[in-house]
Amino acid sequence: MRAVLVDATEEFDRIVRRLRRPDDIEVTINLDPDVKPEALPDVLGDAEIAMIDHTYLPTPVAKRCRSLKHVVFLGTGARSYMNIEELAELGIAVHIIKGYGDTAVAECAMALMWEAARGISFMDRRVRSGEWIRVEGVQLTGKTLGLIGFGGIAAEMARMASGIGMKVIAWNRTPRTVPGVTFVDLPTLLAASDVVSLHLLLNDETRGLLSRERIFAMKRGAILVNTARGDLLDEAALIDALIQGHLRHAALDVYSVEPLQPGHPFRTMENVTLAAHSAFRTPEASDNLIEAALVHCRRIFAQSRAA
């Protein structure tokens, strides 16, 4: 049995080589972070396992990967890159990795929140261009943070936000009880929150959850932070809300189409902070991610031998 890390960076290559055990299956490293989906059949060859970080795997391409039986997706958002149900019909199982970067993503969400509140990158750009423009910021102490979805990342963000004196409220699809967090219904959260941060997996139930109606139901002047998935919200409605001044700022690490396309309105909007889907990228999280992927491969290999 063989696995291929199809879109490896040099960093991932180093981590795999450091963490791989002598008794692990062979892992081929494809050092091309920009591999095209149509190239995957050749990249995978006779490999049974594809380890994928950010490459799209369309079902017609998967059909051409004759030996492929397992996809180990390096993260939780596999549905943004492949149709899991269609792959299952082809006999290809998709495995995701949870919890590897909860702290890293929460810290990034906090950083985006601070940036949106204080306009630091805006001032940075202006100062570099020779201007001296001061931004009237928002003091976050005493403000309300609303978390949509409450898993490991949101729990970490709640801990950090409580530490700076924010009131934390949350909405989750299943009931939760967490000290220091008040759980409310979604309309209440949208109306009451000075900052709304998204922390949901993307699936058929959550796609487009933050609709136009819900975006405009948010508190006027609120900040929106998204480190989860772009398709959780209506991008066109968000643009309108920002242009009209209904929302103060959007701080985004994820988008409906990635990379963010040339000519996208976000690129020229001063009240939008843009990051490049990098919230989890810390050395600690990367180590956790690759180790978890190798554990998946070990389990798959053990099950194949036992069959």
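The values are calculated or read from the model by the stated rules, or taken from the named source; none is laboratory data. Model, not experiment: these values are computed from the prediction. Counting neighbours? That spans all protein chains shown, and the Cβs are built from the backbone with ideal geometry, glycine included.
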Task: Subset of the range 192-222 [farther than 22 Å from R79 by Cβ, in contact with a Ser or Thr (Cβ under 9 Å, 6 or more places away or on another chain) and not in a loop (DSSP other than H, G, I, E, B)] - done: A192, V195, A222
Task: the range 148-165 residues that are in contact (Cβ under 8 Å) with a residue 40 or more places away in the chain and small (G, A, S), paired with ones that are buried (at least 19 other Cβ atoms within 10 Å of the Cβ) and in a helix (DSSP H, G or I) (beta carbon under 6 Å, 6 or more apart) - done: G152/D102
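Does the range 275-296 contain any residue that is acidic (D, E) and within 21 Å of R79 (Cα to Cα)? Spell out how you get there, then give the answer.
First, pick out the residues of the range 275-296 that are acidic (D, E): 284, 287, 291.
Next, from what is left, pick out any that are within 21 Å of R79 (Cα to Cα): none.
No, the range 275-296 contains no residue that is acidic (D, E) and within 21 Å of R79 (Cα to Cα).
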Task: Leading residue by the ranking (surrounded by the most Cβ atoms within 10 Å (Cβ to Cβ)) among those in the range 64-117 that are within 30 Å of A302 (Cβ to Cβ) and among the acidic types (D, E) - done: D102
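Quick one: which of G101, G77 is in contact with a Phe, Trp or Tyr (Cβ under 6 Å, 6 or more places away or on another chain), within 23 Å of V225 (Cβ to Cβ) and small (G, A, S)? Walk me through it before giving the result.
On the way: G77 fails: in contact with a Phe, Trp or Tyr (Cβ under 6 Å, 6 or more places away or on another chain).
Going through G101, G77 in turn, the sole match is G101.
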Task: Among (1) farther than 21 Å from R125 by Cβ; (2) surrounded by fewer than 15 Cβ atoms within 10 Å (Cβ to Cβ); (3) among the hydrophobic types (A, V, I, L, M, F, W, C), the one test that A276 misses - done: (1)
Open item on the list: Can you tell me how many residues within the range 165-177 are over 23 Å from the mean Cα position of the chain (by Cα) and crowded, with 16+ Cβ neighbours inside 10 Å?
Closed with: 2
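Scan the range 256-306 residue by residue and report those that are in a helix (DSSP H, G or I), touching a helix residue (DSSP H, G or I) at 6+ places or on another chain (Cβ under 8 Å) and closer than 28 Å to R18 by Cβ. Before the answer, list the steps.
Applying the first criterion (in a helix (DSSP H, G or I)) to the range 256-306 yields 265-268, 283-306.
In the following step, the residues that additionally are touching a helix residue (DSSP H, G or I) at 6+ places or on another chain (Cβ under 8 Å) were identified as 265-266, 284-287, 290-291, 294.
Matches in the range 256-306: E284, A285, S286, D287, I290, E291, L294.
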TODO: Could you list all residues from the range 231-252 that are crowded, with 24+ Cβ neighbours inside 10 Å and of a type outside the set (A, V, I, L, M)?
DONE: H249
- [ ] Could you give me the residue pairs with C-beta distances under 8 Å whose first residue belongs to the range 171-193 and is not assigned by TED's automatic domain parsing to the domain that holds F150, whose second residue is modelled with pLDDT under 95 wherever it lies, and which are 6+ apart or on separate chains?
- [x] none
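Could you please find all residues in the range 223-242 being of a type in the set (D, E, K, R), assigned to a helix (DSSP H, G or I) and free of Cβ contacts under 8 Å to residues at least 60 places away in the same chain?
Narrowing the range 223-242 to residues of a type in the set (D, E, K, R): 229, 231, 234-235, 240.
Still in the running and assigned to a helix (DSSP H, G or I): 231, 235, 240.
Listed by number, the residues that qualify are E235, D240.
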Open item on the list: Quick test for you: out of V43, V61, pick the one residue that is within 28 Å of R305 (Cβ to Cβ) and buried (at least 16 other Cβ atoms within 10 Å of the Cβ).
Closed with: V43
Task: Cβ-Cβ under 8 Å pairs, at least 6 apart or on other chains, the range 253-278 side farther than 20 Å from L209 by Cβ, far side hydroxyl-bearing (S, T, Y) - done: H264/Y255; T273/S121
- [ ] Please find, within the range 209-230, the residue that is surrounded by the fewest Cβ atoms within 10 Å (Cβ to Cβ) out of those that are out of contact with any Phe, Trp or Tyr (no Cβ under 8 Å at 6 or more places or on another chain) and within 16 Å of L274 (Cα to Cα).
- [x] R229
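Working only within the range 1-35, note down all residues that are assigned to a helix (DSSP H, G or I) and crowded, with 18+ Cβ neighbours inside 10 Å.
Within the range 1-35, the first condition is being assigned to a helix (DSSP H, G or I), and the residues that meet it are 10-19.
Residues satisfying the conditions are F12, I15, V16.
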Open item on the list: Just the residues that are crowded, with 19+ Cβ neighbours inside 10 Å and of a type in the set (D, E), please, taken from the range 135-155.
Closed with: none
TODO: Please find, within the range 36-54, the residue that is farthest from L5 (Cα to Cα) out of those that are within 20 Å of the chain's Cα centre (by Cα) and in a loop (DSSP other than H, G, I, E, B).
DONE: H54
